[in-house]
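*Asks:* The structure's right below; bear with me while I get my questions together.
Read-outs throughout are calculated quantities, based only on the coordinates presented, and are distinct from any laboratory measurement. Predicted, not measured: the structure shown is a model, and the values here were computed from it. No Cβ is skipped: glycine too gets one built from the backbone with ideal geometry, and neighbour counts run over all protein chains shown.
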Amino acid sequence: MSQIISGPTAKLVEEKNFAFVATLMKDGSPQITPVWIDFEKDTNTVLINTAEGRIKHKNISRDPRIAI
């Protein structure tokens with residue numbers, strides 16, 4: 001589900017920031033990682049820095065539900 005990012009939330013993510021991303025492990029337990037985030041205004045997209053093969057990448061590939 002996508003949501004439009006605006007107001008104070010947009011202002012927060014427009015700067016270079018750390019965020020904590022929570023993904024779900026296979027057993028349903030949370031896995032929380034600090035990451036760099038960026039915001040693309042033209043597409044209203046939050047970009048999350050990760051590398052292929054990392055736990056969060058594997059978790060998101062299996063189950064795209066996350067919390068930031």
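*Asks:* Near the amide H of V21, under 5 Å away, which other amide H atoms are found, from residues 5 or more places off or on another chain, if H is placed in the peptide plane?
*Replies:* T33, V35
*Asks:* Let me check I've understood the local charge: for E52, count other residues with C-beta under 14 angstrom from its C-beta, Lys and Arg +1, Asp and Glu -1. What total comes out?
*Replies:* Value of the local net charge: +4.
*Asks:* Give me the net charge of A19's neighbourhood, meaning all other residues with Cβ under 14 Å from the Cβ of A19; Lys, Arg count +1, Asp, Glu -1.
*Replies:* -1
*Asks:* When averaged across all projection directions, what area in nm² does the alpha-carbon convex hull of the chain cover?
*Replies:* Mean shadow area of the hull around the Cα atoms is 4.8 nm².
*Asks:* Grab the DSSP H runs of the chain that are 4 residues or longer, score each as -39,500 (n - 2.57), total them, divide by all residues and round the 222 nm result to the nearest 500 deg cm²/dmol. Don't skip to the end; give the middle numbers.
*Replies:* Numbers: 2 runs with 16 residues, N = 68.
So the calculated ellipticity at 222 nm is -6500 deg cm²/dmol.
*Asks:* For Q31, what is the net charge nearby, where nearby means another residue's Cβ is under 14 Å from its Cβ and Lys, Arg count +1, Asp, Glu -1?
*Replies:* +4
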